[in-house]
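Take a look at the structure set out below.
Here, each number is a calculation from the coordinates, and none is a lab measurement. Owing to the predicted nature of the structure, the values given are computational and were not obtained by experimental measurement. Ideal geometry is used to build each Cβ from the backbone, glycine not excepted, and the neighbour counts take in all protein chains shown.
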Amino acid sequence: MGTAVVTGAGQGLGRAIAERLAADGHHIVAVDLNPETAADTAASLGGQWRQCDVSDPGSVAALAESLDRVEVLVNNAGIWIFADMADMAPDDVRRVLEVNVMGVFYCTQALVPLMGPGSSIVNLSSNAAYSNSPGVGIYPPSKAAVESFTKQTALEFGRRGIRANAVGPGMILTEGTRVNYEGEMGRQRARAVPLGRNGHPEDVADVVGFLASDDARYVTGQIIYVDGGLSAGRAAL
Ligand SMILES: NC(=O)c1ccc[n+]([C@@H]2O[C@H](COP(=O)([O-])OP(=O)(O)OC[C@H]3O[C@@H](n4cnc5c(N)ncnc54)[C@H](O)[C@@H]3O)[C@@H](O)[C@H]2O)c1
């Protein structure tokens, strides 16, 4: 097992993914915009941390320069802004696209030169890329771009033995989604989920662990929805 770089590792899905990859024997580099939470994740896992803004190519270049070899890259950092697309200010649209799309691009381009055969990239999409929902404006299109970018990465780097896949979480309770998925609102939303509950960060982290592992050695260019079945359809209420 080698080094696993996880962006947005300070909390939520990124932290759970870092924990799973550490349990699998990887040395973790926890990357986050927030240095305190990144340091906390790293300290709990005996890993390293880096403060980095994935939407800033200079910041990502500094991250890459500080690393030697990378076996696993998880492009997890992502943001959303609650607004209908028609009401979004251009700066807000730009910010979401810069983090969710350009961030994946910058990190992949900068870190692939440090990766060799057997390495794995896992991008965080969303089931919103498959099934749009109102009120989150440019977020679903940004994740659709992540899915296409994942396939492009798989094609361009397959001959180097580097795999690229994406996971598309459904409704997972994290620090970032708490406002929507906690309490009665969360219970109401869970009724639509075929498996009858919202997800835990570990539900997603375990699939990322699989995709990062040699068990997935012949899997590349794939999108796996980890959404309790929501992308198959909504449960009868
Ligand atoms: N939680 C869900 O239900 C859900 C569903 C679908 C997709 N996702 C995706 O999973 C990923 C993680 O979601 P989450 O719920 O854990 O979010 P979260 O808000 O709880 O955590 C996101 C982390 O990313 C970091 N971050 C934000 N912008 C950054 C930047 N520019 N550079 C570096 N780090 C940055 C934040 O500081 C934070 O630590 C996101 O890409 C999100 O779109 C989440």
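In table form, for the structure just shown:
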| quantity | calculated |
| --- | --- |
| Selected residue [without any contact (Cβ under 8 Å) to a residue 40 or more places away in the chain and of a type in the set (G, A, S)] from A192, A144, A166, A212 | A144 |
| Residue match in segment 137-153 (condition: touching a strand residue (DSSP E or B) at 6+ places or on another chain (Cβ under 9 Å) and more than 17 Å from G78 (Cβ to Cβ)) | yes |
| For M102: the one exception among (1) surrounded by fewer than 18 Cβ atoms within 10 Å (Cβ to Cβ); (2) under 16 Å from the mean Cα position of the chain (by Cα) | (1) |
| Hey, V29 closer than 23 Å to R163 by Cα, within 11 Å of the ligand (Cβ to nearest atom) and free of Cβ contacts under 8 Å to residues at least 60 places away in the same chain or not | no |
| So G229, is it on the phi < 0 side of the Ramachandran plot and of a type outside the set (A, V, I, L, M, F, W, C) | no |
| Of the criteria (1) within 10 Å of the ligand (Cβ to nearest atom); (2) surrounded by fewer than 16 Cβ atoms within 10 Å (Cβ to Cβ); (3) under 21 Å from V207 (Cβ atoms), which one G14 fails | (2) |
| Which numbered condition V5 fails, given (1) surrounded by 17 or more Cβ atoms within 10 Å (Cβ to Cβ); (2) within 17 Å of V104 (Cβ to Cβ); (3) more than 13 Å from the ligand (Cβ to nearest atom); (4) not hydroxyl-bearing (S, T, Y) | (3) |
| Of residues in segment 146-203 being outside any helix (DSSP H, G or I) and at positive phi, the one farthest from the ligand (Cβ to nearest atom) | G161 |
| Strands (runs of 3 or more DSSP E) enclosed by segment 1-77 - at least 1 residues per element that are touching a Pro at 6+ places or on another chain (Cβ under 8 Å) | 48-51 |
| Number of positions in segment 204-237 that are part of a loop (DSSP other than H, G, I, E, B) and under 20 Å from E71 (Cα atoms) | 7 |
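For every residue, the table says whether it meets (1) of a type in the set (S, T, N, Q); (2) under 25 Å from S213 (Cβ atoms).
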{"residue": "A42", "(1), (2)": "no, yes"}
{"residue": "S59", "(1), (2)": "yes, no"}
{"residue": "V93", "(1), (2)": "no, no"}
{"residue": "L97", "(1), (2)": "no, no"}
{"residue": "A110", "(1), (2)": "no, yes"}
